[in-house]
Amino acid sequence: MVINNIECFNSKFADIDYNAPDCIALFLCKECQPVVKKLQLTEAAQKSIALYLANNPDIYDVGEIHYLTVLENDKLQQLLLVGCGNGKECSPNNFRKAAGSAIREIRKLHCRNVLAIAPLLLNATRSHYLQALTEGLYLGAYTFQEFKSDSKEVKVCAITIASNIEDGQKVIDNAAIIAESVSYTRNLINRPGNVITPEIMISEAEKAAKEYNLYIEILDEQMLAANNMNAILAVGQGSCHKPCLITLKYQGAGNSPFTAFVGKGITFDSGGISIKPDDNMGEMKDDMSGAGAVLGAIKAIAALKLKCNVMAILACAENMPDGNAQRPGDIVQAANGKTIEVVSTDAEGRMVLADAVWYACRQNAVRVVDVATLTGAVIIALGKETAAVIANNDQLAQNIIKAGKLKGESYWQLPSLPECREALKSDVADLLNSAGRPGGCITGGLFIGEFIANGVEWAHIDIGGTSTADKTSGFKVKGGTGFGTMTLIKLAEML
Ligand code: BES
Ligand code: MN
Ligand code: ZN
C-alpha cells in the first residue's frame, strides 16, 4: 500500500539481495550492535560498519543518524546507521521514532530502493517491533502539501524490511492501515476552517461509511432540536455552518455491547462572543482533532476487521460570534435535562460533548471514551507530549494509558474528585460551563461526565496539547499529529 509516497514490503533475511538497494538503513541499539556480524551484508559494508562503529561508539541515541557510503560493484550504496537506544532499548516505541527520523533522511537522499534492516527482527517472535518500525516509516514520511501550488511530484520509494516473522507482510499491511488512518486524521486537522466545515465532516463520514459498509446516521439542526440537544445547538447558532451529530457504527462482534468513541468536532473555534485574542487564533482550525481521531480510528478498525463493536460519534459545529450567537450568561438545557449557565462561550467543547455523550449512552453504549482538544489548561498541567485522562472508571483509564504506551502516545490520569465538581455549581442553573482557571483540565472533564448515564463506563481524553506538534521529530511531523487515533485502534483491539 502506497502511503505518503512510500511503500513497505517484507522479506525474509535469507531472501535479501544486499547488492540491490541504493540505500540500506540499519536500525541499531547498543545491545544489538554485536549482532550486525550475523547479517549477510556484503563484505564492503561489513568492513565499513565495523570501522565506523569502532571509531564512534556512542551513536545510539534514538533517531540519531550516521551516514556511510560504500562502494559496491562500481555502485555507491548509502548506509544509514539509525540509533535505537543506548541500552536494552530496541523497543517498539524507539523503532517507531527512529524509523520516522530515518525516512526523512532517506527522502533527502532521493533513494528509491531501500532496505530497512534491524538485527532484532532476526527474531521471528517480534512482530510488534516490525509493526512499530513500519508505522514509523509511513508516519515520518507524512507531509501536508495540499495547498502548495508549486509542490513537485514525489516518486514512490519502495522499502524492503527484512524480518523473519512468519506473516511479516500481514504485519506490515496492518501497520500501513494504521498509518494511513493517522495520516488521514492529520490531513483533517491540517486543513483550514474554510475547507473543513461541519458539512465537510458529514461528507467525510459518508465516504468512510460507504467504503467500509458502516451504519451511518446524521442528526441535522432539526433533528438535534427534536432531541432537545440544545447545548450543541447553542454552540453552533452563531455560525452559518450548521451543527450536526454524526454517528458511525462498526459491528465486528455480533450482538455484544458497543463502545462509543466520541470526538469534539469544532471545525473552527473563534471563542464566540467570548472571542479569543487574535494571536495564533488560526491554530483553532485544529479544534476538530478529537472528531478526526475517532473517524480515523473507526476507519482503521473496520479495515482491520477487528472483533469489536464500536461507534464513532462526531459532535460538529463552528464556534463563531454573530447576531445569533449564544451570549455569556445564557442558560441552555442539554438533552439530559440539565441546565447550563454559559460563563464563557469559549468553553464550547464540553457543551457539544454534553449532548454527544448523552446520545452515546442513549444508543446503549456500555463504555464511552470522549476525545477533545478541550482545554489550554492541559498544556499547563502536562505539556505538549502528554494527554490527560479523566474517568469514572480507573480500569478504563488504565487501559487507555496501556494502549497509548504500546503506540507511543503518552497519557496521564488526573484525579476526578467529587470536591472538584463543586466548582461547577451555578447559582442560577445546574452547572457552569466553566469553573475558571484552577484545575481547568479536571473541571472541564468532570463537566462532560455529568452527561454520562448511570452505570456507563466513561473516560475523557484531553488532547489540547498533543493534537499538534510545534516541530517535526520521530514519527511526528509539525502540525496535526493525529494523536489518539492509534490509541483508540489499540483500545478497540483490547476490548
Ligand atoms: N479549543 C480550546 C482549547 C485549546 C486552547 C486547546 C488552546 C489547545 C490550545 C477550548 O475550546 C477552549 O477555548 N477552552 C478554554 C476553556 C475555558 C474558557 C474554560 C480554555 O482552555 O481557555
Ligand atoms: Mn473554545
Ligand atoms: Zn475549542
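Please find, within the range 425-442, the residue that is farthest from the chain's Cα centre (by Cα) out of those that are within 16 Å of ligand 2 (Cβ to nearest atom) and surrounded by 17 or more Cβ atoms within 10 Å (Cβ to Cβ). Break it down stepwise before answering.
Of all residues in the range 425-442, those within 16 Å of ligand 2 (Cβ to nearest atom) come to 432-437, 440-441.
Within this subset, residues satisfying the condition of being surrounded by 17 or more Cβ atoms within 10 Å (Cβ to Cβ) are 432-435, 440-441.
Working: 432: 30, 433: 27, 434: 27, 435: 28, 440: 23, 441: 20 Å.
Looking at residues that are within 16 Å of ligand 2 (Cβ to nearest atom) and surrounded by 17 or more Cβ atoms within 10 Å (Cβ to Cβ), I get 432.
How many residues are more than 13 Å from ligand 3 (Cβ to nearest atom) and in contact with a strand residue (DSSP E or B) (Cβ under 6 Å, 6 or more places away or on another chain) if we restrict to the range 351-370?
We begin by selecting, within the range 351-370, every residue more than 13 Å from ligand 3 (Cβ to nearest atom); these are 354-370.
After this cut, where a residue has to be in contact with a strand residue (DSSP E or B) (Cβ under 6 Å, 6 or more places away or on another chain) as well, the list is 356-357, 360, 365, 367-370.
Summing the residues that are more than 13 Å from ligand 3 (Cβ to nearest atom) and in contact with a strand residue (DSSP E or B) (Cβ under 6 Å, 6 or more places away or on another chain) in the range 351-370 gives 8.
List every residue pair whose Cβ atoms sit under 7 Å apart, with the two residues 6 or more apart in sequence or on different chains, where the first one lies in the range 188-205 and is in contact (Cβ under 8 Å) with a residue 60 or more places away in the chain and farther than 19 Å from residue 481 by Cα and the second, anywhere, is among the aliphatic types (A, V, I, L, M) and buried (at least 20 other Cβ atoms within 10 Å of the Cβ).
198/317; 202/246; 205/246; 205/248; 205/295; 205/314
Can you go through 373, 339 and tell me which one is within 10 Å of ligand 1 (Cβ to nearest atom), hydroxyl-bearing (Ser, Thr, Tyr) and either touching a residue at least 24 places away in the same chain (Cβ under 8 Å) or in contact with an Asp or Glu (Cβ under 8 Å, 6 or more places away or on another chain) (or both)? Spell out how you get there, then give the answer.
Working: 339 fails: within 10 Å of ligand 1 (Cβ to nearest atom).
Just a single option satisfies the conditions, and that option is 373.
Any idea how many residues of the range 408-424 are buried (at least 18 other Cβ atoms within 10 Å of the Cβ) and either over 17 Å from residue 290 (Cα atoms) or within 16 Å of ligand 1 (Cβ to nearest atom) (or both)?
Taking the range 408-424 first, the residues buried (at least 18 other Cβ atoms within 10 Å of the Cβ) are 408-409, 411, 414, 416, 420, 424.
Imposing the further condition that a residue be either over 17 Å from residue 290 (Cα atoms) or within 16 Å of ligand 1 (Cβ to nearest atom) (or both) reduces the set to 408, 414, 416, 420, 424.
So the count comes out to 5.
I need the helices (runs of 4 or more DSSP H) fully contained in the range 402-495, keeping only those with at least 3 residues that are touching a strand residue (DSSP E or B) at 6+ places or on another chain (Cβ under 9 Å).
On the way: elements: 418-422, 440-449, 485-494.
Result: 440-449, 485-494.
Only residues that are more than 21 Å from residue 301 (Cα to Cα), of a type outside the set (Phe, Trp, Tyr) and within 12 Å of ligand 1 (Cβ to nearest atom): list them for the range 442-469, please.
442, 443, 444, 445, 462, 464, 465, 466, 468
Please specify each residue of the range 326-350 satisfying the condition of being within 16 Å of ligand 3 (Cβ to nearest atom), surrounded by fewer than 21 Cβ atoms within 10 Å (Cβ to Cβ) and either over 29 Å from the mean Cα position of the chain (by Cα) or assigned to a helix (DSSP H, G or I) (or both).
Those that are within 16 Å of ligand 3 (Cβ to nearest atom), surrounded by fewer than 21 Cβ atoms within 10 Å (Cβ to Cβ) and either over 29 Å from the mean Cα position of the chain (by Cα) or assigned to a helix (DSSP H, G or I) (or both): 328, 343.
Out of the residues in the range 443-488 meeting the condition of being among the charged types (D, E, K, R) and more than 16 Å from ligand 2 (Cβ to nearest atom), tell me which one is nearest to residue 419 (Cα to Cα).
So the first thing to find is which residues in the range 443-488 are among the charged types (D, E, K, R), and the list is 450, 457, 462, 470-471, 476, 478.
With more than 16 Å from ligand 2 (Cβ to nearest atom) added as a condition, the list becomes 450, 457, 470-471, 476, 478.
Details: 450: 14, 457: 20, 470: 35, 471: 38, 476: 37, 478: 38 Å.
Across the range 443-488, the extreme among qualifying residues is 450.
Pull up the range 267-296, narrow it to residues that are more than 20 Å from residue 206 (Cβ to Cβ) and among the β-branched types (Val, Ile, Thr), then point me to the one that is farthest from the chain's Cα centre (by Cα).
Step one: filter the range 267-296 for residues more than 20 Å from residue 206 (Cβ to Cβ), giving 268-287, 289.
From what's left, among the β-branched types (Val, Ile, Thr): 273, 275.
Values: 273: 30, 275: 28 Å.
My answer is 273.
Among the numbered criteria (1) surrounded by fewer than 24 Cβ atoms within 10 Å (Cβ to Cβ); (2) more than 15 Å from residue 350 (Cβ to Cβ); (3) within 16 Å of ligand 2 (Cβ to nearest atom), which one does residue 274 miss?
Exception for residue 274: condition (2).
Only one residue in 98, 132, 118 is under 12 Å from residue 63 (Cα atoms) and in contact with a Phe, Trp or Tyr (Cβ under 8 Å, 6 or more places away or on another chain), so which one is that? Outline the logic, then answer.
On the way: 132 fails: under 12 Å from residue 63 (Cα atoms); 118 fails: under 12 Å from residue 63 (Cα atoms).
Testing whether each residue is under 12 Å from residue 63 (Cα atoms) and in contact with a Phe, Trp or Tyr (Cβ under 8 Å, 6 or more places away or on another chain) leaves just 98.
Mind telling me which of the residues 301, 273, 266 ends up being among the β-branched types (Val, Ile, Thr) and more than 20 Å from residue 368 (Cβ to Cβ)?
Details: 301 fails: more than 20 Å from residue 368 (Cβ to Cβ); 266 fails: more than 20 Å from residue 368 (Cβ to Cβ).
Exactly one of 301, 273, 266 is among the β-branched types (Val, Ile, Thr) and more than 20 Å from residue 368 (Cβ to Cβ), namely 273.
Looking at (1) more than 17 Å from the chain's Cα centre (by Cα); (2) in contact (Cβ under 8 Å) with a residue 24 or more places away in the chain; (3) more than 16 Å from ligand 3 (Cβ to nearest atom); (4) closer than 21 Å to residue 350 by Cβ, which is the one condition that is false for residue 221?
If we test residue 221 against (1) more than 17 Å from the chain's Cα centre (by Cα); (2) in contact (Cβ under 8 Å) with a residue 24 or more places away in the chain; (3) more than 16 Å from ligand 3 (Cβ to nearest atom); (4) closer than 21 Å to residue 350 by Cβ, just (2) comes out false.
Just to be sure before I move on: is residue 299 crowded, with 21+ Cβ neighbours inside 10 Å and either within 16 Å of ligand 1 (Cβ to nearest atom) or among the aliphatic types (A, V, I, L, M) (or both) in the structure I sent? Break it down into steps so the answer makes sense when it comes.
Details: crowded, with 21+ Cβ neighbours inside 10 Å: yes; either within 16 Å of ligand 1 (Cβ to nearest atom) or among the aliphatic types (A, V, I, L, M) (or both): no.
Spelling it out, it is not the case that residue 299 is crowded, with 21+ Cβ neighbours inside 10 Å and either within 16 Å of ligand 1 (Cβ to nearest atom) or among the aliphatic types (A, V, I, L, M) (or both).
Looking at the range 291-301, can you tell me whether even one residue there is within 16 Å of ligand 2 (Cβ to nearest atom) and at pLDDT 95 or above? Steps first, please.
First, the residues of the range 291-301 that are within 16 Å of ligand 2 (Cβ to nearest atom): 291.
Right, trim to at pLDDT 95 or above and you get 291.
Yes, some residue in the range 291-301 is within 16 Å of ligand 2 (Cβ to nearest atom) and at pLDDT 95 or above.
Do you know which residues across the range 343-377 are more than 13 Å from ligand 2 (Cβ to nearest atom) and of a type in the set (A, V, I, L, M, F, W, C)?
Residues of the range 343-377 more than 13 Å from ligand 2 (Cβ to nearest atom): 354-371.
Within the range 343-377, 354, 356, 357, 358, 360, 361, 365, 366, 368, 369, 371 meet the criteria.
Before we move on, is residue 462 among the acidic types (Asp, Glu) and buried (at least 22 other Cβ atoms within 10 Å of the Cβ)? Quick ask: steps written out before the conclusion?
On the way: among the acidic types (Asp, Glu): yes; buried (at least 22 other Cβ atoms within 10 Å of the Cβ): yes.
Considered against the rule, which asks whether it is among the acidic types (Asp, Glu) and buried (at least 22 other Cβ atoms within 10 Å of the Cβ), residue 462 comes out as yes.
The values are calculated or read from the model by the stated rules, or taken from the named source; none is laboratory data. Computed from a prediction, not measured in an experiment: that's the story for all the values here. Reconstructed Cβ throughout: ideal geometry from the backbone, glycine too, with neighbour counts over all protein chains shown.
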